[in-house]
Amino acid sequence: MIKLLEAAQPGFKPPGSGDFIFQPIFGHSLLATKPVVLLFFSVILISTFFIISARKAAVVPSKLQFAGEAVYGFVRDGIGKDVIGEEFQRFVPFLFTIFTFILTNNLFGVIPLMQFPTMSHIGFPVSITIFVYFVYHYVAIKKHGLGKYLKDMCFMPGIPKPMYILLAPLEFLTYFAIRPLTLAMRLFGNMFAGHLLLMLFTLGGEYLLGSAWFLKIFSAISFSLAVGLSFFEMGIQCLQAYIFTLLVALYIAGALADEH
Amino acid sequence: MAGNEEGALWSIFGYLISGLVIWGAIGWALDHWLHSHFFLLGGLLLGAGASLYLVWLRFGQK
């Protein structure tokens with residue numbers, strides 16, 4: 001089928017999942033591929049930004065300090081305090097790290113020269129999700145004990161007893177499998193699809209530019225769509241970082257709650 | 001749970017998926033074991049019903 005399609009269109013080769021695989025920039029180590037280099041760069045970038053913005057902390061903030069505090073305040077009040085409630089303070093560093101880390105790595109997708117959202121490689125969202133998975137189960141087990149945690153999770157009070165046969169496995173699967181799976185897949189899927197879309201319009205525009213004269217008009221349309229979609233993608237990238245952090249906060253809040 | 005709409009949306013989505021997955025899997029296993037053909041469909045319908053019931057319990061009563 002794929003061979004047939006390629007034979008039917010000898011010219012334009014649309015971008016695919018193969019375009020997400022990179023050769024090492026130098027040497028032969030996997031650690032030198034573009035996504036990993038971007039990942040390390042993001043850590044340096046985030047650390048530098050917040051260290052500089054916090055170093056000369058003053059009562060009357062500089063512009064940089066204001067920017068840093070705005071992001072911090074957004075995560076602390078907008079996500080932590082609103083969702084988790086009373087005990088939010090000790091989870092703020094965790095939420096803040098997740099938010100800035102994902103946001104920076106997502107935004108790499110539209111920054112010229114980098115142009116690759118690290119999170120479109122599924123290994124990265126999965127790694128973050130593994131951390132989250134252990135944190136929210138640990139928090140719950142530490143607070144309620146394993147037995148009570150499982151009981152509260154699977155047996156919701158106030159419904160007829162036979163219904164538990166139907167609902168208990170469902171709740172269990174949701175907490176232990178579906179939640180982490182959807183958390184990782186949503187971030188990965190959004191970044192993967194967005195990057196593919198941008199590649200399609202950019203490569204398409206480039207290909208049309210080299211075609212017959214009347215197709216060059218469509219090349220301009222394709223390029224302008226690529227630019228327009230880049231701004232759209234920027235929105236998605238911020239939104240996905242926000243949703244990921246919000247859901248982590250919700251899971252922690254659920255783990256701390258007395259009744260699920 | 002906090003009354004956050006975005007969070008509720010994704011929780012509902014998760015429940016709907018897990019209802020289909022777990023009861024669909026049980027139905028499929030029964031079919032496989034008994035060499036029948038109707039438990040998968042029955043399981044999927046039961047799972048869909050169960051997850052809708054759970055969503056109603058969690059989010060529909062307030």
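The values are calculated or read from the model by the stated rules, or taken from the named source; none is laboratory data. Just so you know, these numbers come straight off a predicted model, no measurement behind them. When we count neighbours, we look across all protein chains shown, and the Cβ atoms used for this are built from the backbone with ideal geometry, even at glycine. For accessibility, only protein heavy atoms count, side chains too; no ligands or nucleic acids. Shrake-Rupley method; radii C 1.70, N 1.55, O 1.52, S 1.80 Å.
Numbers at a glance
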| read-out | value |
| --- | --- |
| Of residues in region A:1-40 being at pLDDT 85 or above and of a type in the set (F, W, Y), the one most open to solvent (accessible area, probe 1.4 Å) | A:F40 |
| Subset of region B:11-20 (residues that are within 9 Å of the chain's Cα centre (by Cα) and more than 8 Å from every other protein chain (Cβ to nearest Cβ)) | B:L16, B:L20 |
| Criterion violated by B:E5 - all others in (1) more than 11 Å from every other protein chain (Cβ to nearest Cβ); (2) open to solvent by 40 Å² or more (accessible area, probe 1.4 Å) satisfied | (1) |
| Candidates A:A255, A:A241, A:A212 - the one that is crowded, with 18+ Cβ neighbours inside 10 Å and over 12 Å from the mean Cα position of the chain (by Cα) | A:A255 |
| Filtered residue count, region A:48-59, keeping only those that are open to solvent by less than 50 Å² (accessible area, probe 1.4 Å) and within 24 Å of the chain's Cα centre (by Cα) | 1 |
| Total residues in region A:60-80, condition among the basic types (K, R) and either surrounded by fewer than 16 Cβ atoms within 10 Å (Cβ to Cβ) or within 14 Å of chain B (Cβ to nearest Cβ) (or both) | 1 |
| Residue satisfying condition, being over 29 Å from A:I84 (Cβ atoms) and either among the basic types (K, R) or part of a helix (DSSP H, G or I) (or both), within set B:G19, B:G24 | B:G24 |
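Per-residue answers, yes or no, for (1) open to solvent by less than 40 Å² (accessible area, probe 1.4 Å); (2) over 16 Å from the mean Cα position of the chain (by Cα):
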residue	(1), (2)
B:I22	yes, no
B:W33	no, yes
B:H37	no, yes
B:L40	no, no
B:Y53	no, no
B:F59	no, no
